[in-house]
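Inspection log for the structure reproduced underneath, given as structure tokens.
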Amino acid sequence: MSIASAPSKTARLTFRLKEMSIGSAMALLNREKGFIERDKSLLIEKVTESLIWHQTGETATPQQLTVQERIFIEGQYLSMVGEHPNFDIGHLKYADFFTGKQHELDFVHLGQCAGDDWAVSQITGDMAEGVEAEIVMGATRPIERFTWILGFMAAALYRPDKEQPPAEQSYTQNPKAYGEWLEARMQVFEGLPESAFLELFVAFIDGLDKLAHLFNIGFDDHGIVFLSKPTAPSTDSDNEQEAGGSNPNPARFRRDAFFTEWTLRLSGQAQTSAASRRD
């Protein structure tokens with residue numbers, strides 16, 4: 001198998017992909033399950049020959065990327081190693097999710113919400129790993145959609161006139177301090193009156209829509225998902241596809257989609273279903 005050596009570009013990055021080594025594949029497959037964002041960072045590290053910021057020419061880390069940029073690198077890798085660039089994702093195709101819109105903003109001012117002036121920043125890989133570690137390892141709350149939303153609101157929302165931007169905090173540099181900071185913020189958010197929380201939640205989602213690039217994102221019981229475009233087919237209650245469904249389809253790349261069937265067999269993790277898997 002060969003991978004095209006031409007670099008891929010986004011508004012902020014140029015990256016060149018390489019085939020994952022068998023050792024890296026085995027290391028990823030044998031890691032403890034349940035840490036999707038942590039494993040995504042390692043995957044990106046192992047499949048990129050180079051990852052360069054346009055503005056500075058310096059090497060970027062997977063944690064510095066937005067969650068959409070991370071999804072894009074995963075998608076580009078699957079497009080290159082698979083049989084078809086526009087591969088299947090459930091009953092849809094990769095192109096039904098990829099928007100092509102480029103990164104324009106680092107944050108969005110939300111205005112007055114729940115009695116304060118708020119802004120929301122881009123969600124980075126560092127934030128995603130930090131929220132994941134707090135929820136999965138903290139084990140103080142149910143691992144469900146609301147908890148993920150709570151965690152990412154605490155990580156990405158801030159009051160510009162009272163708080164430093166979230167980028168000033170770093171899970172990668174100091175996991176313990178970040179976890180303590182995040183937990184304290186999550187407690188503040190979950191202590192809000194219901195009406196105030198819902199007002200802030202609506203503003204948060206609206207802010208993420210304005211910050212969207214490459215993919216639209218949402219949340220499920222396992223963390224961040226990417227969403228199908230409004231023009232993508234959707235499946236109604238009678239299992240018929242129709243265009244422009246009002247409810248976007250959430251998705252994430254399957255863990256085993258990045259590995260060949262033989263690699264999965266060698267690791268002892270082959271499954272009976274071969275959907276979305278490389279041969």
Quick check for me: using +1 on Lys/Arg Cβ and -1 on Asp/Glu Cβ, what's the dipole size of the stretch 1-80 about its Cα centre, in debye to the nearest 20? 60
Taking the number of other C-beta atoms within 10 Å as the exposure measure, put Asp88, Asp96, Asp116 in order starting with the fewest. Asp88, Asp116, Asp96
Can you find, among Ser79, His91, Phe226, the residue sitting farthest towards the positive end of the charge dipole of the chain, where Lys and Arg contribute +1 and Asp and Glu -1 at Cβ? Ser79
With the Cα gyration tensor of the chain in hand, give its eigenvalues times 5 under a square root as the equivalent ellipsoid semi-axes, listed largest first in whole angstrom. 31, 22, 20
Please report, in whole Å³, the volume per residue of the convex hull around the C-alpha atoms of the stretch 107-212. 94
Taking a crude spin-label model, label points 7 Å out from Cα along the C-beta direction, the Glu261 to Ala167 distance in nm is 4.6
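To the nearest 20 debye, what is the magnitude of the charge dipole of the stretch 87-182 about its Cα centre, counting +1 on the Cβ of each Lys and Arg and -1 on the Cβ of each Asp and Glu?
Its charge dipole is roughly 200 debye.
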Environment charge at Glu49 (Cβ cut-off 15 Å; Lys +1, Arg +1, Asp -1, Glu -1): +2
Distance in Å, no decimals, from the C-alpha centre of the stretch 201-215 to the one of the stretch 35-79 is 21
Determine the relative contact order of the chain: mean sequence separation of Cα pairs under 8 Å and six or more apart, normalised by residue count, in whole percent. 19
Just to confirm a number: summing +1 for Lys and Arg and -1 for Asp and Glu over residues other than His109 whose beta-carbon lies under 13 angstrom from that of His109, what do you get? -3
At 7 Å along the Cα-to-beta-carbon direction for both Ala177 and Glu58, put a label point, then send me their distance in nm to one decimal. 1.8
Under the 0.36 nm per residue contour assumption, what length would be gained going from the current alpha-carbon distance of Glu144 and Ala95 to full extension? 14.8 nm
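Taken together, the values in this text are just the output of simple stated rules run on the coordinates, not laboratory data. Remember, it's a predicted structure, so these values are computed and weren't measured experimentally. Backbone-built Cβ (ideal geometry, glycine too); neighbour counts: all protein chains shown.
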